[in-house]
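These notes concern the structure reproduced below.
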Amino acid sequence: MRLPISLAVAAVAAVLAVPGAHAGFAAGQCTTWAYLMRPDIVATASLAGDKITNWNAYAWAANAREAGYSVGTKPAVGAIAVWPKHVLGAGALGHVAYVQKVRSDGSFYISEEDYNGSPNVHRRWVAPTSALQFIYLQPGQHAPSGPMTPGGQLETMTSSGTFRASDPGGTQVAFTLDAATSVAFRLTGPGIDHTVTWRIPGGSRSVTLAQLAAQSTLPAGSYRLTAFAYDTALDGRWVTFSLG
């Protein structure tokens with residue numbers, strides 16, 4: 001599997017995006033189905049920074065734990081089941097699937113792609129086992145009833161404006177999408193770690209830093225804004241800037 005690479009752009013005043021590589025989940029892979037059923041796992045991990053770049057199946061449990069998700073060995077509805085390398089029929093890259101039902105005896109019903117090499121969605125019961133790990137839903141999160149519909153790609157993101165802590169509304173963040181999609185933004189800096197997800201039409205759009213922060217003032221200092229588009233291309237961008 002090819003790995004996603006977030007694009008990095010440094011900002012002090014006006015910022016220009018720099019072309020770079022990106023990769024994602026190809027159709028028919030087990031990781032593609034897991035992402036479509038639980039895109040929040042990849043989005044949250046991607047917004048956390050640059051450290052998590054390996055989305056081969058066996059790495060999902062460690063990635064999710066790093067991103068703050070609860071991971072355990074008991075199946076639960078809405079969880080992603082993770083097969084380690086060469087365990088219970090998994091290959092060298094492991095395997096992942098979505099848990100739809102759980103019986104009292106510990107067996108569980110999954111949906112998956114790439115079962116026995118088939119790109120189609122396959123469903124089956126799995127016998128109770130302690131060999132697998134499960135990435136659980138976050139508190140208050142509901143199990144999805146179906147896969148996400150992928151949206152457009154995040155092509156560029158830039159910032160410009162006054163960069164004043166007393167007026168974050170003067171800092172503009174502009175971005176371009178080739179089609180409508182949901183985009184998650186995470187702003188981190190002095191005293192703030194704020195995430196917002198918006199459904200955005202395709203084309204060129206802009207918002208203010210105040211809108212992203214949901215605050216009319218911010219402390220002076222360095223900030224990082226990371227954006228993740230909900231698409232199987234795993235498009236990510238980030239900008240950093242200093243507010244004086």
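Here are the numbers for this structure:
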{"read-out": "Cα centroid separation, the range 107-165 to the range 46-94 (Å)", "value": "11"}
{"read-out": "Given [x] 0.96; [y] 1.09; [z] 1.27, the label whose value is Cα Rg over 2.2 N^0.38 Å derived from this model", "value": "[y]"}
{"read-out": "Once exposed loop trypsin sites (Lys or Arg not before Pro) are cut out (DSSP; at most 14 other Cβ, 10 Å), longest piece of the chain", "value": "104-244"}
{"read-out": "Mean residue ellipticity (222 nm) of the chain, computed from DSSP H runs ≥ 4 via -39,500 (n - 2.57), nearest 500", "value": "-3000 deg cm²/dmol"}
{"read-out": "Residue-wise HN-Hα coupling along the range 226-243, computed from phi with Karplus coefficients 6.51, -1.76, 1.60 (Hz; x: Gly, Pro)", "value": "10, 10, 9, 8, 7, 8, 5, 6, 6, 6, x, 9, 8, 10, 10, 7, 10, 9"}
{"read-out": "Point-to-point label distance, Ser242-Thr129, nm (Cα→Cβ direction, 7 Å offset)", "value": "5.3"}
{"read-out": "In sequence order, calculated HN-Hα J values of the range 81-94 (Karplus, 6.51, -1.76, 1.60; Hz; x Gly/Pro)", "value": "7, 10, 8, x, 4, 6, 10, 6, x, 6, x, 5, 9, x"}
{"read-out": "Set of lysines with alpha-carbon distance to Lys74 below 21 Å, sequence-local pairs under 8 removed", "value": "Lys85, Lys101"}
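Just so you know, all these numbers are worked out from the coordinates, no wet-lab data involved. This is a predicted model, so every value here is computed, not measured. Heads up, the Cβs are rebuilt from the backbone with ideal geometry, glycines too, and the neighbour counts pull from every protein chain shown.
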